[in-house]
Amino acid sequence: MADKLSQSIIYKGFRKTLAARFGENQAAEIWRNANRHLASLNTWASQMDSDSRMMILPAAALYMALHAFAPQQALPLLTDYGTKMGEKIARIVHGVTSIPGLPKLLWKHMPKLMRTMSGPDKGYTRRIVSETNELVGVDILSCPLHDAAVKIGVPEAALVVCAMDKAYMTGFKHIRYTRTISVAEGAECCDYRLRYDETKN
């Protein structure tokens, strides 16, 4: 069977996490089982957008394989990995947004960017909370990534992506980001709030 997980830019690093926790032999078996699950889950691919295929299906496959072996450790290990991957992406985001003048330009267009990124054409349902010079805020009422995870019967996969998202969004220079709740955690919405702050590195 093809090792599709090792081709995933996002999730291929989880193989090392498994080896560190369970040893090389058991990690190899979990990885093989995860690839089997991924092959099965790919029957849903045609019904998903590209982001869901890339982010949700591998997370779901890994969760299923790991849960069968160590049910209590499956979600904590995967969400911790999601956080660490998000932190790596945040460092890249920080590097890009450290270009002089870019943070202010980005902030100027933030309302439009938020509307584009969370628009109904991308599968989101949202509520605009604020679009002022001080605060750009949107409540995401439904998310296609979470919807996809629920549809395939592995809602835990959305929590892995949420952990990644929460970490990488902190990478913007001069833009403070907070999110205290999420749909994937059972809340009414994901409360995205961004504020411009030149003291934030």
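The values are calculated or read from the model by the stated rules, or taken from the named source; none is laboratory data. Treat the numbers as computed from the prediction; the structure is a model and nothing was measured. Glycine gets a Cβ as well: all are built from the backbone with ideal geometry, and neighbour counts include every protein chain shown.
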By my count, helices (runs of 4 or more DSSP H) wholly in segment 85-189 with at least 2 residues that are among the small types (G, A, S) are 144-151, 156-168
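Here is a yes/no grid of residues against (1) within 30 Å of Q26 (Cβ to Cβ); (2) crowded, with 17+ Cβ neighbours inside 10 Å:
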position: S52; (1), (2): yes, yes
position: P71; (1), (2): yes, no
position: L77; (1), (2): yes, yes
position: G82; (1), (2): yes, yes
position: H94; (1), (2): no, no
position: S98; (1), (2): no, no
position: G101; (1), (2): no, no
position: E131; (1), (2): no, no
position: D139; (1), (2): no, yes
Being within 16 Å of the chain's Cα centre (by Cα) and modelled with pLDDT of 95 or more narrows L41, L75, L18, L66 down to just L75
Taking the criterion of being under 28 Å from E188 (Cβ atoms), in contact (Cβ under 8 Å) with a residue 60 or more places away in the chain and among the basic types (K, R), would at least one residue in segment 108-122 satisfy it? yes
Scanning segment 153-201 residue by residue, those surrounded by fewer than 21 Cβ atoms within 10 Å (Cβ to Cβ), β-branched (V, I, T) and more than 23 Å from I128 (Cβ to Cβ) turn out to be T199
Restrict the check to segment 27-37 and report whether at least one residue is crowded, with 21+ Cβ neighbours inside 10 Å and modelled with pLDDT under 95.
-> no
request  = Test A28 against the stated conditions and say whether it is part of a helix (DSSP H, G or I), over 26 Å from L141 (Cα atoms) and over 15 Å from the mean Cα position of the chain (by Cα).
outcome  = yes
